[in-house]
Amino acid sequence: MAQNQRLIIVADYDCDGATACAVGVRGLRLLGAQNVDYLVPDRVTDGYGLTASIARRVAERGADMLITVDNGIASVDGVAEAKALGLQVLVTDHHLPGPELPAADAIVNPNQPGCPFESKSMAGVGVMFYVLLALRAELRARGVFDLSLIHISEPTRQEAI
């Protein structure tokens, strides 16, 4: 975000994926990301998960970072293609992983091996929400939200009415 990189969220096409995508896009923008977009694959033509062809479409759109929501934990080939294309990859998912984890830059999934997070039944939208909370905490620690610079004026009489 600090380098104004282009972030593209790849969502699943169900209600969990759609809400996770909306939370991700809105949350990242509220936290200061200037260049956030999304892609919702077509179930019929694209299949399920992050495929190599979807990774290529994301790269063609000029992305620097690909973020999955509600998918990606089993997308070994799709993540490998994204990495080969020079993309950074963050996988956020809640599904059970397969025998091999994708080689993403980071994976946030309460169901991955060794994860101590207690809520194993969380939906993908909840995982994305926790990612945003962690990002907000990191930005605060870095002093991005300097509250002394924010001026909140008292409402005028007309605005109060």
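The values are calculated or read from the model by the stated rules, or taken from the named source; none is laboratory data. Nothing here was measured: the structure is a model prediction, and the numbers come from that model. Glycine also receives a Cβ, built like all others from the backbone with ideal geometry; neighbour counts cover every protein chain displayed. Just the protein is used for accessible areas: all its heavy atoms, side chains included, with ligands, DNA and RNA removed. Shrake-Rupley method; radii C 1.70, N 1.55, O 1.52, S 1.80 Å.
Computed extension gain for R140 through L39, at 0.36 nm per residue and net of the alpha carbon distance, reaches 33.5 nm. Per residue, the chain exposes an accessible area of 58 Å² to a 1.4 Å probe, with every protein chain left in place.
For L7, neighbours were defined as the other residues whose beta-carbon sits under 12 Å from its Cβ, and their charges (Lys and Arg +1, Asp and Glu -1) total +1. Between A2 and C115, the simple spin-label model (points 7 angstrom out along Cα→Cβ) gives 2.7 nm. Here the peptides 86-94, 69-77, 30-38 are ranked by packing, the mean other Cβ count within 10 Å, and the order with the highest first is 69-77, 86-94, 30-38. Stretched out straight at 0.36 nm per residue, the stretch from D105 to R61 would grow longer than its current Cα-Cα span by 13.8 nm. Overall, the accessible surface of segment 1-149 at a probe of 1.4 angstrom is composed of carbon and sulfur to the extent of 55 percent. What does the charge add up to near V79, with Lys and Arg as +1, Asp and Glu as -1, over the other residues with Cβ less than 12 Å from its Cβ? Overall, the nearby charge balance is -4. As a calculated quantity, the FRET efficiency between M122 and D14 at R0 = 25 Å, using C-beta atoms, amounts to about 0.95. When each of the peptides 40-50, 19-29 is scored by the mean number of other C-beta atoms lying within 10 Å of its residues, the order from highest to lowest reads 19-29, 40-50. Here are a few candidate values for mean projected area of the Cα convex hull in nm²: (i) 12.5; (ii) 9.9; (iii) 12.0. Which one was actually calculated from the structure I just gave you? It is the value labelled (i).
Where does the chain land at 222 nm, in deg cm²/dmol rounded to the nearest 500, when only DSSP H runs of n ≥ 4 count, each adding -39500 (n - 2.57), divided by all residues? Mind dumping the intermediate values first?
On the way: 6 runs with 60 residues, N = 161.
Calculated at 222 nm, the ellipticity per residue is -11000 deg cm²/dmol.
Rounded to the nearest whole Hz, the Karplus-based 3J(HN,Hα) values (6.51 cos²θ - 1.76 cosθ + 1.60, θ = phi - 60°) of segment 124-134 follow the sequence x, 5, x, 4, 5, 4, 5, 4, 5, 4, 5, with x at glycine and proline.
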